[in-house]
Amino acid sequence: MSSAFSYPYLEKILIHETTILRRLDELAWEITRDFADRGDLTVIAVMHGSLFFVADLLRRVQLPLRIETLNVASYDGAASTGLIRFRQTELPDVRGRQVLVLDDILDSGQTLHAICSRLQAECAPAAIRTGVLLNKVRPRVVEVAADYVGFDIGDEFVVGYGLDYNGEYRNLPLIGSLRAEYIAA
Ligand code: 5GP
Ligand code: MG
């Protein structure tokens, strides 16, 4: 079991890897059950934050599916800009398909809202559902709720298991919060 001692830049560890993977077993079972008879499924992974979440989750889902990625960014350092930038011009072809959008964390709601709105308006999917590893319990800027949630957390900035601070810490196997001195003032 990892300790904060192994990660001197962490203030605390919120969710250990074993806890994450146990929860993914449950989510994968729900997704397998829910999508079994619904038709062709495309999972859209919101990059880069959902990288590990999607990889670990989908290896537990026992369904035929396609994986696409969308490269979207809204954070500058440890604060949301509120501006959702799509870093690619083409959206995946999901016409007539069941779509499951997976992101690392639901915070203000603007990212998932922007993605689902664009997919709905431009890609003619049969249906769109959403899943996040983490759900920040806070008032949303845009009203969205994820259909699948790994864990509820408080309103604090977290890193690890895909989530970054200025591009770093994504490869930590756990979710933690950074010590103040590692966050630029
Ligand atoms: P929203 O658009 O819901 O405010 O934020 C979603 C995006 O902001 C996530 O995809 C993630 O990239 C980023 N984000 C929100 N909260 C955090 C956080 O606590 N830590 C990190 N590393 N990224 C976050
Ligand atoms: Mg993101």
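Among the strands (runs of 3 or more DSSP E) lying completely within region 61-144, list those that include at least 3 residues that are β-branched (V, I, T) and touching a strand residue (DSSP E or B) at 6+ places or on another chain (Cβ under 9 Å).
Numbers: elements: 66-76, 79-86, 98-106, 127-136.
Answer list for region 61-144: 66-76, 98-106, 127-136.
Name the residues in region 33-57 that are farther than 14 Å from T130 by Cα, of a type outside the set (D, E) and either surrounded by fewer than 17 Cβ atoms within 10 Å (Cβ to Cβ) or away from ligand 1 (no atom under 16 Å from the Cβ) (or both), would you? Working first, answer last.
The initial filter retains those residues of region 33-57 that are farther than 14 Å from T130 by Cα, namely 33, 36-40, 47-49, 51-52, 55-56.
Okay, now just the ones that are also of a type outside the set (D, E), so 33, 36, 38-39, 47-49, 51-52, 55.
Selection gives R33, A36, R38, G39, A55.
Considering only residues that are more than 19 Å from V94 (Cβ to Cβ) and either of a type in the set (A, V, I, L, M, F, W, C) or not in a helix (DSSP H, G or I) (or both), which ones fall in region 37-60?
Within region 37-60, the first condition is being more than 19 Å from V94 (Cβ to Cβ), and the residues that meet it are 48-49, 51-53, 55-56, 59-60.
Across region 37-60, the qualifying residues are H48, G49, L51, F52, F53, A55, R59, R60.
No value in this document is a laboratory result; all are computed from the given coordinates. None of these values were measured; they are calculated from a predicted model. Here Cβ is always computed from backbone atoms with ideal geometry, including for glycine, and neighbour counts include all displayed protein chains.
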